């Protein structure tokens, strides 16, 4: 369990920011300090709570652990539920203090997997979830319209005052890590605004997966919580027929799986086989 969680942690840390610049659509982007090694503490990663955490909650814990082991920042508060008398208004992911400058940061964390669909008209709208349920621009708009304005609500100000913080002293940034998959025919395409270090592989349809039905190829479909892991750490591998049947079963449930591929030459690939 510990080894698997450590590989998930390392995969999260090594995932790049989706944007190349320090700003995007009016948002400031938080980046981890470079050239630092984050060592996950065995205690936090072996907590039983990790066993059933979905990927989103899992990476929140990874971010928390990374900041706690960093010399650059300290956690002031995290997962702050803001409520009025009747309902939850929203949640602030993290408030950090930068050690050197003492500035306070509200960080919203995003860790996503997107594919690029060239059939969509507008360039930045083409980055969508593998199951077509969300998109990059929808996520950005949610932050701008919901999560960042939450900082200035009276209920939030009241909470922050209780821990001796003035909301006016806090700067807001997003930490947006992403793994991207593109059509093979676009491998030489220049993607505007996007950090191409995030492109990990290709997406295909099931009919095109038949090209992998060759001697010596091995396959594995990891659980969603294992998607950050590098395929080289895979321990279980299947033949083409087994993985093809698994993909078909997932497609019947409208799920587009990530597939790890071990080539006969010992190299690895990551692809997403979409159901639609």
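Readers should treat all values here as calculations from the given coordinates under stated rules, not as data from a laboratory. Model, not experiment: these values are computed from the prediction. Please note: Cβ atoms are built from the backbone with ideal geometry, for glycine as well, and neighbour counts cover all protein chains shown.
How would 134, 93, 169 line up from fewest to most surrounding beta-carbon atoms within 10 angstrom?
The order, fewest Cβ neighbours first, is 169, 134, 93.
Return the Cα extents of the range 79-180 along principal axes one, two and three, sorted largest first, each rounded to a whole Å.
That gives 50, 40, 19 Å along the principal axes, largest extent first.
When ranked by the protection proxy of mean other Cβ atoms within 10 Å per residue, highest first, what sequence do the peptides 8-15, 182-189 form?
Descending mean neighbour count gives 8-15, 182-189.
Express in % the proportion of alpha carbon pairs of the range 48-128 at distances exceeding 19 Å.
Tail of the P(r) past 19 Å holds 57 percent of the pairs.
In the chain, what percentage of the DSSP-assigned beta bridges are antiparallel, given to the nearest 5?
That works out to approximately 60 percent antiparallel.
As a check on your grasp of the helix formula, calculate [θ] at 222 nm for the chain: sum -39500 (n - 2.57) over DSSP H runs of n ≥ 4, divide by the residue count, round to the nearest 500.
-6500 deg cm²/dmol
Determine the gain in length on full extension of the stretch residue 161-residue 3; use 0.36 nm per residue of separation and subtract their C-alpha separation, reporting nm with one decimal.
Contour length minus Cα-Cα distance gives 52.8 nm.
So if I average 1/r over every pair of distinct C-alpha atoms in the range 101-235 and take the inverse, what Kirkwood radius in Å does that give?
Answer for the range 101-235: a Kirkwood hydrodynamic radius of 18.2 Å.
Report the label-to-label distance for residue 25 and residue 123 in nanometres (one decimal), using points 7 Å from each Cα along the Cα→Cβ vector.
About 1.5 nm, to one decimal.
Which one, 113, 176, 32, has the greatest fluctuation when you compute a Gaussian network model over the chain with C-alpha springs under 10 angstrom?
Evaluated over the chain, the most mobile residue of the options is 32.
Stick to the Cα atoms of the chain, pair each with every other, and give me the Kirkwood hydrodynamic radius in Å at one decimal.
Final number for the Kirkwood radius of the chain is 20.4 Å.
Using a simple spin-label model with points 7 Å from Cα along the Cα→Cβ vector, what separation in nm is obtained for residue 86 and residue 263?
Between residue 86 and residue 263, the label points sit 6.0 nm apart.
Just check the range 201-274 against the gyration tensor rule for me: Cα atoms, a ≥ b ≥ c as the square roots of the eigenvalues, rounded for a/c under 1.5, and otherwise prolate or oblate depending on whether a/b exceeds b/c.
oblate
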